[in-house]
């Protein structure tokens, strides 16, 4: 099923967070399925080149991370729940790597859009480290959001449109299957 962006109803307050957790196709596919998420846009953030292309970002020279910008309704899904899904659906202890994807463009990052988000994400990261929840310290960057550059159109809604492609079958589908089991109570109706 292709997930479409659901515009918020008139008067509904939304919030935005930008997340880097490896390939943006994986991050997009996961967050599109969460109740309370209105849109997920794949793109680039955290670099020093204006309007970078996918090829430039993949070369690892622009400083950008592949990210998914998530617009959500905090009355349906709290920011802390967004972060819980984020930290449980990738390896936040792997520096500049997720699976076979290697390079700074695949780093684990939370790009915060407010001081409140920055405080919460920093606190939760520290709590996770102190708890020993992961086998190694978290390397996730928690920083203020910078300029967001949407990725090229063919990257948007990638899994929904290309689910039979090899990368989708071998990398994204197993991640989604695990996510759906763990977070079954938070999924949108399909």
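Report, to two decimal places, the Cα Rg of region 123-163 normalised by 2.2 N^0.38 Å (N = number of residues). The partial results should precede the final answer.
Details: Rg = 16.4 Å, N = 41, 2.2 N^0.38 = 9.0 Å.
Working it through for region 123-163, the quotient is 1.82.
Put a dot 7 Å past the Cα of residue 96, heading toward its Cβ, do the same for residue 144, and the two dots end up 2.5 nm apart.
Averaging Cα coordinates gives a centre for region 127-190 and one for region 34-105; these two points are 8 Å apart. Footprinting exposure proxy ranking of 113, 64, fewest other C-beta atoms within 10 angstrom first, gives 113, 64. Label positions at residue 135 and residue 114, each projected 7 Å from the Cα along the C-beta direction, are separated by 3.7 nm. In terms of surrounding Cβ atoms within a 10 Å radius of their Cβ, 148, 72, 134 rank from fewest to most as 134, 148, 72. Counting Cα-Cα pairs of the chain in 5 Å increments starting at 0 gives whole-percent bin shares of 1, 8, 17, 22, 23, 17, 9, 3, 0.
Rule-based calculations on the coordinates, nothing more; no lab input. All values derive from a computational prediction rather than experimental measurement. No Cβ is skipped: glycine too gets one built from the backbone with ideal geometry, and neighbour counts run over all protein chains shown.
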